[in-house]
Structures are given as structure tokens and as C-alpha cells.
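Shown next, in C-alpha cells, is the structure this report addresses.
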Ligand SMILES: Nc1ncnc2c1ncn2[C@@H]1O[C@H](COP(=O)(O)OP(=O)(O)O)[C@@H](O)[C@H]1O
Ligand SMILES: [Mg+2]
């Protein structure tokens with residue numbers, strides 16, 4: 001409570017420091033011959049004063065937030081009963097935990113121990129008085145550092161350079177957060193996957209033909225030995241991605257050719273954004289469509305010609321996934337087709353080529369690297385897609401190339417491995433990280449290839 | 001005189017009123033509409049009669065009468081925007097691809113109106129080839145660039161014969177010696193002048209009767225330009241050539257006849273030498289003496 005009040009005061013002080021600094025810079029400049037004699041703009045001086053006021057406060061505040069539990073805990077330790085201090089490290093930790101829980105207002109794990117309750121009360125009162133002291137320290141620091149800077153404002157102070165430098169540091173810090181989070185995620189997946197490979201050897205995972213991740217919880221359970229051969233999953237993923245590509249590449253590419261080469265410019269101007277909106281439909285909606293409409297339709301169709309089609313089939317999931325990525329393929333391909341210089345089309349038409357010959361022999365080959373890049377990006381999206389497959393393709397890891405059977409994919413398995421209550425160090429859960437690592441590696445490769453191909457295409461025409 | 005009677009025998013449609021020359025000289029408004037010099041030939045390859053082209057509502061050229069002879073180079077000169085490219089693009093119906101472009105009048109190739117609804121543009125463009133201002137080789141190999149036309153027109157399915165066509169075309173375009181060892185390399189890797197000669201070879205490969213060139217040297221350096229001019233002189237033996245150019249020196253070096261255009265009108269036509277030494281129309285004279293344009 002006291003801290004939110006403190007934050008408000010810090011902001012108010014910062015704002016007034018800004019105005020004071022600006023006013024002071026203007027006043028100083030007027031004594032020495034106008035605004036031009038100032039090294040920086042008055043607002044730079046204001047910003048510098050405000051930063052000088054707020055930054056130390058925030059730093060002290062942050063440090064205290066980190067240090068508070070440690071300092072307070074060591075202070076109450078002295079007052080705990082002697083027999084508690086003699087407890088083993090583990091049990092003592094539990095006592096401290098109880099105290100902290102009580103401070104936070106939670107119910108206790110054991111019955112109310114009077115010593116614990118007393119300690120908690122002491123902790124709370126210490127916390128309150130420490131909060132007051134720290135607030136005072138912060139306010140004093142703010143005033144002192146703001147006053148120091150304020151008094152040093154003169155026409156030679158290089159306020160602009162300092163402020164710009166601080167801004168640069170802030171910007172670098174923000175981008176570092178983005179980069180380090182990514183690295184952190186990758187590393188954590190990597191380490192968990194390594195833990196998995198310590199239990200299940202890498203070659204069993206990559207080359208094994210059976211996937212049944214249920215491990216026995218009790219030793220006497222039957223039939224749940226756990227098998228982590230990922231080949232059926234990779235095959236299922238590939239199968240669905242191939243079906244999706246077979247749908248998306250022809251339709252996407254041909255519609256791109258229509259929009260770029262045949263359609264009236266006005267039609268193109270409306271149709272293209274519309275098609276891009278398709279890419280914004282949440283995949284769960286496609287999943288619905290796949291599970292409730294397409295899959296039953298395919299099953300009925302199969303039955304009518306006496307084919308055995310399971311109600312969840314790779315075909316249904318692949319078809320709908322293909323429809324989902326059509327906008328990617330066609331929008332990216334349309335961009336590169338449209339970028340092919342008109343002079344090439346003219347050159348071909350002037351030789352007596354028909355429009356289709358021109359498209360087929362000149363425009364598409366010229367745009368091919370860009371088209372391939374777009375397709376690869378779409379593939380990596382298809383492989384990473386989850387919802388449609390969860391809903392339409394099923395969960396059982398069949399090792400089959402028959403699109404009418406139910407298969408499963410990497411993403412679906414990750415989901416099923418992690419939902420529900422899980423031990424976080426069983427091979428079953430860790431397998432999810434191993435699968436995630438493989439998926440990450442695969443899409444990374446595809447993206448790198450796609451980006452390289454697209455770049456190469458750009459160089460050709462720019 | 002004889003020329004005027006010839007012109008009078010043609011039926012000229014009443015032209016819409018416009019005063020393009022008003023800003024230059026009021027007294028010339030009348031004369032500027034009629035072409036000075038004889039635009040007609042004995043045995044023409046192509047003939048244009050009363051050709052007018054509109055881009056939407058805007059009239060780009062009007063009342064153009066001119067013939068293109070066999071085995072001659074006809075140069076079209078005039079200030080920018082006067083409609084040279086527009087007329088040139090009418091000759092192989094490349095204007096068909098421009099939305100909103102409408103062509104009136106009659107343009108004949110060997111006596112047949114190319115704007116007749118029964119005429120198919122595909123064989124027409126094989127008979128009237130075109131070379132553009134900026135070299136535009138396809139991003140294919142040198143060989144495939146030249147073989148492109150013969151392949152789409154199905155001239156031959158025989159590999160040896162195709163090789164032969166490619167070789168002769170490259171020889172005629174004066175490029176063979178430079179590229180014979182690297183036919184499989186991309187045409188886009190050649191220098192600007194070589195690319196333009198590749199485009200000429202590409203046009204020659206379909207054995208056209210007429211070759212249209214729209215400022216073919218404006219993107220090239222003087223040495224490459226000289227090579228192309230030499231080439232044009234050789235090609236005249238076999239083809240009719242219509243060349244649009246900004247460089248009057250070039251027109252006088254390569255062409256037998258010159259046509260001067262001004263704001264959508266054909267002002268004067270005549271033998272190149274006569275046009276450059278003794279222009280009859282004031283606008284032509286102003287242009288070739290560099291007073292404007
Ligand atoms: N695609 C087009 N759409 C509309 N107007 C055009 C188009 N092409 C040319 N024009 C107009 O027609 C006139 C003649 O152009 P053009 O034949 O290109 O001139 P030139 O080649 O002699 O410089 C110009 O006024 C130009 O603005
Ligand atoms: Mg032009």
C-alpha cells in the first residue's frame with residue numbers, strides 16, 4: 001500500500017523536476033544571451049533533471065524489493081524459539097515457509113504454532129517500519145540528486161548528449177529482453193530435452209517405431225512400459241503437411257496468378273486484402289470446421305464407395321490445414337509475381353507469346369525463388385499448426401502413409417503429453433520437450449532456407 | 001503541286017478542334033495539321049491511314065498517314081510526349097495490353113488490316129517484332145532467350161535446327177563471337193549493350209518482316225550505341241525497321257526516311273538527308289536546329 005503511494009509521489013516529483021529543469025535552463029540562457037547560447041534544448045535539461053530525480057529512486061526501490069525478504073527473515077530468526085533453530089535445514093525451511101504464508105495472509109499448512117504466529121506478526125511490523133524508512137530514503141535521494149543536477153544547469157552542460165545516451169541504453173535494454181527471452185526459451189527446451197535423452201537414448205527416440213508414452217505410475221501396473229519411438233509422429237506430421245501442401249500450392253499459386261496477371265486492378269485491390277483476412281481466422285475455427293464438417297463428410301464419402309475411413313483422418317486435417325495456408329501461399333506469391341517487371345511481360349508478348357505462355361514461361365520462372373520462399377514459410381506454419389490436427393486428425397500414433405487413417409503430429413503429442421496432472425520429471429513429460437526441440441529445429445531450418453531464397457530473389461530485381 | 005493533289009485525294013476526317021500550336025505561333029495552327037512531304041511509298045510493307053489513338057478520353061496522336069517501306073529504316077523523331085512510342089506500339093498491337101487505349105483508323109501489313117477483328121495478334125507479333133528502350137532479357141540462359149520465340153511458335157522440335165536458329169540469330173545480331181562459349185549463362189549477366197543485342201537476336205529469331213525499335217540505344221554507352229547502329233544498317237538488308245530515337249545524329253546515320261512528330265501530329269516526312277539539310281516546316285527546323293524539344 002505504502003509503495004503504490006510512493007510510486008505516485010515519485011512520478012509527481014519527476015514531473016515537477018522536468019518543469020523546474022526546463023524553467024531553470026530558460027532562465028540561465030536569458031542571462032547569457034538567449035536560447036542559442038544553450039548547449040541543448042531546454043527540454044533536454046528538463047528531461048535530465050527528471051531522470052536524475054526518478055532513476056535513483058527506482059534503483060533503490062528495485063534493490064529493496066529484492067533484498068527485503070532476506071533481511072527481514074534474518075532479523076526474525078533471532079527471536080525464534082531455540083528448539084526451532086536446532087531443526088534440520090529442510091524442516092527449518094518449512095517453518096520459514098509457514099511464516100511467509102501467514103504474512104501473505106494464507107492459511108497455514110499445520111496447526112497454528114504460537115511461535116510461528118508471533119514471528120509472523122513481528123515480520124509484518126518490521127515490514128511496515130522498513131517500508132517507511134525506505135520511502136524516506138527514496139524521497140531524500142530524489143530531492144538531493146534532482147537538486148544537484150538543478151544547481152549544475154548552465155549553458156555548458158551537455159544535457160542532450162546525456163539524455164540521448166540514457167535513451168539509447170533504455171532501448172538496448174528492451175531489445176535485450178526480447179532476445180534473451182527467446183534464448184532462454186530455447187535453452188530451457190534444450191536442457192529439458194537433454195534430461196529426456198538421458199533416460200531415453202537419442203537413437204531410440206529418433207529411430208523407434210512405436211510411440212506409447214504412458215509410463216507405469218506403480219510398479220505393478222501392466223502394459224504401460226512406455227515407448228518413445230517418434231517415427232510414427234514424424235510420419236504423421238509429414239503426411240498431413242504433404243496433404244496440406246497438395247491443397248494449398250495449386251490453389252494458392254493459381255489464385256495468385258489470377259490476381260496478379262489476369263484480374264482487373266480494381267478487383268485485385270479489393271480481393272487481395274480480403275484474402276489476407278482469411279489468414280486472420282483463428283485456427284480453432286478451422287479445427288471445428290475440420291472435425292464437424294470435413295471429417296464426417298470424408299467418412300461418409302468413403303463409406304459410399306466401401307472404403308474404410310476412420311472418423312478422424314489425416315485427409316480431413318490435411319485438407320483443412322491446406323485451406324488455412326492458402327492465403328499465405330497466394331498472398332506471398334502474388335507479391336513476387338506482381339514485382340516481376342512489366343518489361344519482361346512486354347518482351348514476351350512482343351514475340352507473339354500468348355498471355356498464358358508469358359505467365360508460364362517468363363513471369364512464374366522469374367518469380368520462382370520468391371514463390372518457393374513463400375511456400376516454405378507456409379509449410380513451416382503448417383507443421384507448427386496444432387488446433388486443426390488436435391480436432392481432426394486424432395491422437396493415436398499410427399505408423400501409416402494411408403491418409404484415410406487417423407494419425408498424429410508432433411504438436412498434438414506435445415499437447416497431450418502436457419495436459420492434465422503430470423510429474424515434471426517423468427520421461428512422459430520430458431518427451432514433450434524433446435518433440436518441441438525437434439519441431440523448433442525443423443521449422444528453424446525451413447525458415448532460414450525460405451528467408452535465404454527470398455533474399456536471393458530480391459537481389460535479382462533491385 | 002503533285003504532292004498536294006495526292007494529299008487532297010485522301011479523305012481526311014474533320015479533326016476535333018485543338019490549339020496545340022497556339023502557344024508557339026498563331027499563324028501556324030492551320031498548316032501544322034497537314035503533313036509536309038510525301039508519306040506514301042510505291043511498295044509499302046506497312047501503311048497507316050488516319051490513325052488516331054486515345055488513352056481514355058485523351059487523344060495521343062491523330063490523323064497519322066505514313067508508309068513503312070521494304071528494306072528501309074524509318075526514323076521517328078520529335079519531342080517527348082509527341083506520340084512516337086504510341087504510334088510504334090500500334091504497329092504490332094502492343095497497345096492492346098494498355099487498359100483504356102483505343103486505336104482508330106487502318107494499319108495494314110502487306111495489305112491486310114491488322115486491326116481487323118479476324119486478325120490474331122499472336123502471328124502478327126511474330127511478323128512485327130519489337131525491341132524496347134531498356135534491354136529486357138528474360139532471366140533465362142542466353143540460349144533460351146533466343147530460342148524462346150521459335151519454341152512458342154513451334155517452328156521446330158528438332159534440337160539441331162533450334163541450335164541453328166539460335167546461332168544464326170546471334171550471328172545476325174553481332175553477338176555470336178562474344179557469347180558462343182557461354183550460351184548457358186544467364187542473359188541478365190551480359191553488359192547493357194550485349195543485352196540489347198540479345199534482345200535484337202531474340203526478335204530476329206522468329207524471322208519477322210518488320211522490327212520496331214523504341215529508343216533502343218538510350219540506355220547504352222556510345223560504343224555499344226555505335227555497335228547497334230552498325231547492326232541496324234546490316235539488318236536493313238533483310239527487314240523493315242522503324243526506329244524511334246531522341247538522338248538526331250542517330251536518325252541521320254541509320255535511317256533512309258525520317259518522320260517528325262509534334263504534339264500528336266505527323267508534321268513532316270521525307271528522305272532523311274533532305275529533312276536534316278532542308279526542312280520545309282518551321283517546327284521541324286526548330287527541332288533539328290535544337291531550338292526546342
Ligand atoms: N499508358 C498511357 N496512358 C495514358 N496516357 C499515355 C499512356 N502512354 C502515353 N500516354 C500519353 O500519350 C502521349 C504520347 O506518349 P508517347 O507515345 O509515350 O510519347 P513519346 O514516345 O513520343 O515520348 C503523351 O502525352 C503521354 O502522356
Ligand atoms: Mg517514348
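So the values come out like this:
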read-out	value
Ranked B:287, B:55, criterion: other C-beta atoms within 10 Å, fewest first	B:55, B:287
Length-normalised contact order of chain B in % [C-alpha pairs under 8 Å, at least 6 apart]	25 percent
Peptide-level mean, for B:129-139, of C-beta atoms on other protein chains within 10 Å	5
Relative contact order computed over chain A (Cα-Cα under 8 Å; 6+ residues apart), in percent	16 percent
For residues of B:117-124, the mean tally of beta carbons on other chains within 10 Å	2
Residue exposure sequence - B:213, A:75 - by fewest surrounding Cβ within 10 Å	A:75, B:213
Alpha carbon centroid spacing (whole Å) that separates the stretch B:135-186 from the stretch B:189-203	11 Å
Virtual spin-label span in nm between residue A:16 and residue A:355, 7 Å along Cα→Cβ	7.4 nm
For chain B, built as a Gaussian network whose Cα springs stay under 10 Å, the top-fluctuating residue of B:162, B:283, B:198	B:162
Global geometry of the stretch A:2-157, whether rounded, prolate or oblate, following the gyration tensor of its Cα atoms and the 1.5 cut on a/c	prolate
Prolate/oblate/rounded label for the protein assembly as shown (Cα gyration tensor, a/c 1.5)	oblate
Cα centroid of the stretch A:38-79 to Cα centroid of the stretch A:419-456, whole Å	41 Å
Per-residue average of Cβ from other chains inside 10 Å of A:352-360	4
Helix B:159-172 axis, angle to chain B major axis (alpha carbon atoms, nearest 10°)	50 degrees
Protection proxy ranking, peptides A:281-287, A:257-263, average beta carbon neighbours within 10 Å, highest first	A:257-263, A:281-287
Order of B:161, B:42, B:167 - criterion: other Cβ atoms within 10 Å of each residue's Cβ, fewest first	B:42, B:161, B:167
Rounded tilt (10° steps) of A:89-103 against the dominant C-alpha axis of chain A	80 degrees
Helical contribution to [θ] at 222 nm, DSSP H n ≥ 4, -39,500 (n - 2.57), averaged over chain A, rounded to 500	-25000 deg cm²/dmol
Kirkwood estimate for chain B, i.e. one over the average of 1/r between Cα atoms, Å	19.9 Å
Relative contact order (%) - the stretch A:2-157, alpha-carbon pairs under 8 angstrom, separation at least six	38 percent
Separation in nanometres of the label points that stand 7 Å from Cα toward Cβ, at residue A:140 and residue B:119	9.9 nm
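Each reported figure results from applying straightforward, stated rules to the coordinates on display, with no laboratory input. Please read all numbers here as calculations on a predicted model, not as lab measurements. Here the Cβ is made from the backbone with ideal geometry for all residues, glycine too, and neighbour counts use every protein chain on show.
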